[in-house]
1. Could you pull the accessible area for Cys213 with a 1.4 Å probe, rounded to 10 Å²?
2. Obtain the radius of gyration and the Kirkwood radius of segment 82-231 from its C-alpha atoms and give Rg over Rh.
3. Can you give the accessible area of Val62 in Å² (nearest 10), computed on protein heavy atoms with a 1.4 Å probe?
4. Isolated Cys in the chain by the 4.7 Å beta carbon test?
5. If you keep only loop residues by DSSP, which trypsin sites (Lys or Arg not before Pro) in segment 12-118 have at most 10 other Cβ atoms within 10 Å of their Cβ?
6. As a test of reading the structure, rank Phe115, Phe49, Phe121 by solvent-accessible area (1.4 Å probe, protein chains only), most first.
7. If I model a spin label at Leu103 and Ala139 as a point 7 Å from the Cα along the Cα→Cβ vector, what separation in nanometres do I get?
8. Within the chain, which is the longest segment containing none of the GluC sites (Glu not before Pro) that sit in a DSSP loop and have at most 16 other Cβ atoms within 10 Å?
Amino acid sequence: MSQVGEFPGLHGMNRRTIRAAVNPMDKSTIISILPKRISERKATISPGFFEIPPGTLDNPAVLVVGPSSWWREVDENQPLLEIPVSSIQIADSIVRDYCNGLLACNMADQMPGLFYVPGEFNLEQVKKNFKPLLDKALANQKKWFMELIRIADILWSRSNGNPLSISDDARMACKEMNITQKPWLGDIQTTELVRCVACGSLRNGQFPICQTCKAIADPELAKKLNITFAQ
């Protein structure tokens, strides 16, 4: 609490977050063969923003990270206490926090091709020294891609062809696995959703039956497609 007559701002001078000298040898390298940009923000540490560009097996994306810090309050009369976080903890947090929230990722043998190694390495060193890890990451990523495609097929069927049920990751998976014969791979804007005349829910206008109430919402289209129904 400020005292009467205290110069403004003097009381808070010890509350600044000033980092101590950083160990220049504390480095870790995050390697990605995921063809997608990754942006991770950690609001409680500094530095706390990390961005990894898209990568491939032939040209992996490499991000070298150092240690970060967070600050703990001791009491109002002492400077904030800096708590350093090592680079290996930062790298592990970036990989885990990104992958843990992804559909179909089991963080073992079915996940994006994203991993980290202790130390600082450039692209050429990564390709030369970590070929087994890159191959393992590729196998894990392919398995994850195929599971995303399988789930997308199920969602497409259950939603009566609703393009909003298909994730961008599933579309990316098809592209990377060279799969082109999927009905849900078209442009999301080309499929117009209309309201069912029976129940009012949104349905794919290219199909005559409402997924929600099972009503024949478009009899003319059903007749055109020669669809018959049991009495």
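1. Using a 1.4 Å probe on the heavy atoms, I get roughly 50 Å².
2. 1.18
3. My reading of the accessible area for Val62 is about 40 Å².
4. Cys99, Cys105, Cys174
5. In loop regions of segment 12-118 (DSSP not H, G, I, E or B), the sparsely surrounded trypsin sites (Lys or Arg not before Pro) are Arg16.
6. Phe49, Phe121, Phe115
7. Output for this residue pair reads 2.7 nm.
8. That would be 77-191.
The values are calculated or read from the model by the stated rules, or taken from the named source; none is laboratory data. Since we're looking at a predicted model, the values are computed, not measured. Note that we place each Cβ from the backbone using ideal geometry, even for glycine, and neighbour counts take in every protein chain shown. Just so you know, the surface numbers come from the protein's heavy atoms only, side chains and all, with ligands and any DNA or RNA stripped out. Shrake-Rupley method; radii C 1.70, N 1.55, O 1.52, S 1.80 Å.
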